[in-house]
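Written below as structure tokens is the structure these notes are about.
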Amino acid sequence: MASDASTGTFLQGLERGLAVIRAFSADAPSLTLSEVARAVGITPATARRILLTLEELGYVRSDHRRFSLTPRVLALGWAYLSSLDLGELAGPFMEELSAKTRESCSIATLDLPDIVYVARVPTSRIMTVALGVGARLPAYPTSMGRVLLSGLPDDELTTYLDSLRAEALTNRTVTSAGDLRATIVQARADGYALVDQELEQGLRSIAAPIHNSRGRVIAALNVSAHASRSTPTSLRTEALPHLQEAAAQITTALTHRGNF
């Protein structure tokens with residue numbers, strides 16, 4: 001069968017334009033005209049026409065010597081992102097987070113009195129209960145639950161706490177409504193929640209909020225680790241910066257998507 005290129009439907013100019021955009025990277029955020037030509041395998045004259053066209057369209061900026069991409073190139077990906085559900089959209093960010101922390105990470109939403117898992121990247125089995133998409137856990141003893149509860153209006157939080165019959169799942173579980181309110185209010189102020197072996201002995205986790213375009217907490221992202229290879233301090237100092245970065249990236253993707 002003849003290829004698209006041989007049948008005349010292949011647009012070489014479009015291919016080269018996309019190749020020029022892909023030439024830029026974290027290692028090469030700005031390039032000269034000749035560097036672009038070499039990277040793409042085109043003549044300097046062709047590279048110049050493409051770069052000037054991209055600059056005219058707002059995808060590239062230059063200082064008359066070096067060229068770099070502008071944030072407008074992100075718009076090329078939003079149409080794809082808008083077709084994904086939350087778990088699919090967050091997947092690449094979660095994979096990167098798991099690789100950086102070398103720990104499992106999850107996303108959950110709130111369905112009182114529980115949290116519901118919508119995405120998970122496991123690295124090892126660290127809980128006795130198997131968790132997957134659709135799994136439910138009580139909100140009060142989990143880091144994601146406390147982050148999600150921190151996003152509730154005060155009257156809804158009060159209604160939840162007044163009706164809660166918290167069970168001590170370990171000897172560390174906070175069960176007092178007053179103490180739970182304090183931890184949730186603290187999570188709201190801090191922008192994260194850390195739970196130390198309250199859900200299950202030997203399990204520590206830290207979570208950060210994911211917001212929609214209106215700034216409302218609509219999901220939580222966490223990193224979970226076994227107590228034998230983590231401490232509360234190490235989670236705060238080593239995992240939290242990566243966790244908050246990933247949560248912010250997912251929030252940005254959702255904001256541009258505009259339908260959450």
Over region 175-188, the set of residues touching a helix residue (DSSP H, G or I) at 6+ places or on another chain (Cβ under 9 Å), of a type in the set (A, V, I, L, M, F, W, C) and open to solvent by 30 Å² or more (accessible area, probe 1.4 Å) is Ala177, Val185
Long-range neighbours under 8 Å by Cβ, at least six apart or interchain, first residue without any contact (Cβ under 8 Å) to a residue 40 or more places away in the chain within region 198-215, second open to solvent by less than 50 Å² (accessible area, probe 1.4 Å) and in a loop (DSSP other than H, G, I, E, B): Gln201/Thr170; Arg204/Gln197; Arg204/Ser230
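Residues are listed down the side, and each one gets a yes or a no for (1) in contact with a helix residue (DSSP H, G or I) (Cβ under 9 Å, 6 or more places away or on another chain); (2) assigned to a strand (DSSP E or B):
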{"site": "Ala26", "(1), (2)": "no, no"}
{"site": "Ser34", "(1), (2)": "yes, no"}
{"site": "Ile42", "(1), (2)": "yes, no"}
{"site": "Arg48", "(1), (2)": "yes, no"}
{"site": "Phe67", "(1), (2)": "yes, yes"}
{"site": "Arg72", "(1), (2)": "yes, no"}
Look through Gly191, Gly215 and report the one residue that is open to solvent by 10 Å² or more (accessible area, probe 1.4 Å) and at pLDDT 95 or above. Gly191
Selection count, region 144-180, where residues are acidic (Asp, Glu) and under 18 Å from Glu200 (Cβ atoms): 1
Give the residue that is nearest to the chain's Cα centre (by Cα), with candidates limited to residues of region 95-123 that are in a helix (DSSP H, G or I) and crowded, with 19+ Cβ neighbours inside 10 Å. Leu97
The number of residues in region 232-260 that are in contact with a Ser or Thr (Cβ under 9 Å, 6 or more places away or on another chain), closer than 30 Å to Val73 by Cβ, open to solvent by 40 Å² or more (accessible area, probe 1.4 Å) and modelled with pLDDT of 90 or more is 1
Residue check, Arg229 open to solvent by 30 Å² or more (accessible area, probe 1.4 Å), under 30 Å from Asp85 (Cα atoms) and within 25 Å of the chain's Cα centre (by Cα): no
Number of positions in region 11-38 that are open to solvent by less than 70 Å² (accessible area, probe 1.4 Å) and either of a type in the set (A, V, I, L, M, F, W, C) or closer than 17 Å to Leu57 by Cβ (or both): 12
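The values are calculated or read from the model by the stated rules, or taken from the named source; none is laboratory data. Remember, predicted model here, so these are calculated numbers, not experimental data. No Cβ is skipped: glycine too gets one built from the backbone with ideal geometry, and neighbour counts run over all protein chains shown. Side chains included, ligands, DNA and RNA excluded: accessible areas come from the protein's heavy atoms. Shrake-Rupley method; radii C 1.70, N 1.55, O 1.52, S 1.80 Å.
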